[in-house]
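Novice: First, the structure itself, so that you have it in front of you.
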Amino acid sequence: MSIKIGVLAVQGAFIEHINALKKLNVEAVEIRQLSDLTNNEIHGLILPGGESTVMGKLLKELNIFGEMQKLIKDGLPVLGTCAGVILLAKTIANDEKTHLSTMDITVKRNAYGRQLGSFKTLGNFKGIGEIPMTFIRAPYIERVSENVEVLSVVNNQIVAAKQDNMIVTTFHPELTEDLKVHEYFVESI
Ligand code: GLN
């Protein structure tokens, strides 16, 4: 079976995800409107980094929100990176507004403050090993429920986790040459 993955392409770093999927010979489709979601039989979905408030707002304005939330709740595999994690979180520690709200995690937006706003490091990712991680005004995961598996901890903060069909990384795997996180996601499908 050939796999087709939708990448939310309304704002943020979606091109880089599409390029990473292409390198893995996986078909990528841009999700810009509701029909992109309903007319393509996608086997997975990527929510990229960007600005979660803007993306959340656009999801509603473009009328994608309800269908996307339903597909995720029904088990569509999803990879959320950086702002994508914020879109999936049920609780945002420093924001009253939540978005798709499907994952039992609490995230803190812009969690590293101004000075450490953006940084690169090597971190260990469960089942993959050591990989490069790029953080850009990143959130971290403050708390996870029992049904959430922690996949990576950097500087004592949770930076990757998995719950059922949802995998999240607070760093940007699409901004490095390393394709292991995308591979991990595709294999999970
Ligand atoms: N700071 C952004 C937000 O809160 C996330 C940053 C990113 O995706 N690189 O939505």
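Novice: Shape verdict for region 135-189, please, from the Cα gyration tensor: rounded (a/c under 1.5), prolate (a/b greater than b/c) or oblate. Walk me through the numbers before you get to the answer.
Specialist: Numbers: a/c = 2.31, a/b = 1.11, b/c = 2.09.
Taking the square roots of the gyration eigenvalues as a ≥ b ≥ c, region 135-189 is oblate.
Novice: Sticking with the crude label model, points 7 Å out along Cα→Cβ, report the distance from Ser188 to Ser145 in nm, one decimal please.
Specialist: Here the modelled spin labels are 1.7 nm apart.
Novice: Classify region 113-154 as rounded, prolate or oblate, taking a ≥ b ≥ c as the square roots of the eigenvalues of its Cα gyration tensor: rounded when a/c is under 1.5, otherwise prolate if a/b is larger than b/c and oblate if not. Don't jump to the answer; show the numbers that get you there.
Specialist: On the way: a/c = 3.72, a/b = 1.27, b/c = 2.92.
Oblate, because a/c is 1.5 or more while a/b does not exceed b/c.
Novice: Report the extension gain between Asn155 and Glu61 in nm, rounded to one decimal, defined as 0.36 nm multiplied by the number of residues separating them, less their alpha carbon distance. Intermediate results must be reported in sequence, preceding the final value.
Specialist: Values: separation 94, 0.36 × 94 = 33.84 nm, distance 3.71 nm.
Taking Asn155 through Glu61 to full extension adds about 30.1 nm, to one decimal.
Novice: Under the rule a/c < 1.5 gives rounded, and otherwise a/b versus b/c splits prolate from oblate, where does region 97-172 land using the Cα gyration tensor? Intermediate values should be presented prior to the final figure.
Specialist: On the way: a/c = 2.03, a/b = 1.15, b/c = 1.76.
Since a/c reaches 1.5 but b/c is at least a/b, the shape of region 97-172 is classed as oblate.
Novice: Kindly report the accessible area of region 41-112 per residue (heavy atoms of protein chains, probe 1.4 Å, no ligands, DNA or RNA), in Å². All intermediate terms of the calculation are to be shown ahead of the outcome.
Specialist: Values: 2730 Å² over 72 residues.
Counting only protein heavy atoms, the per-residue value for region 41-112 is 38 Å².
Novice: While we're here: If the cut-off is a Cα-Cα distance under 16 Å, which aspartates and glutamates reach Lys90, setting aside same-chain residues fewer than 8 apart in sequence?
Specialist: Asp104, Glu142, Glu146, Glu149, Asp164
Novice: Full-extension gain between Asn110 and Ile15, please, as 0.36 nm times their residue separation minus the C-alpha to C-alpha distance.
Specialist: Details: separation 95, 0.36 × 95 = 34.20 nm, distance 2.26 nm.
Gain in length upon complete extension: 31.9 nm.
Novice: Where a Cα-Cα gap under 30 Å defines reach, which lysines qualify for Lys23, not counting those fewer than 8 residues away within the same chain?
Specialist: Leaving aside lysines fewer than 8 places away in the same chain, those within reach of Lys23 are Lys4, Lys70, Lys73, Lys120, Lys126, Lys162, Lys180.
Novice: Still on this model: Where the accessible area of the chain is counted over protein heavy atoms with a 1.4 Å probe, how much of it, in %, is carbon and sulfur? Walk me through the numbers on the way to the answer.
Specialist: Details: 3920 of 8740 Å².
In the chain, the share of accessible area belonging to carbon and sulfur is 45 percent.
The values are calculated or read from the model by the stated rules, or taken from the named source; none is laboratory data. Remember, it's a predicted structure, so these values are computed and weren't measured experimentally. Quick reminder, even Gly has a Cβ in these numbers, built from the backbone with ideal geometry, and neighbours come from all protein chains shown. The accessibility values were calculated without ligands, DNA or RNA, using every heavy atom of the protein model including side chains. Shrake-Rupley method; radii C 1.70, N 1.55, O 1.52, S 1.80 Å.
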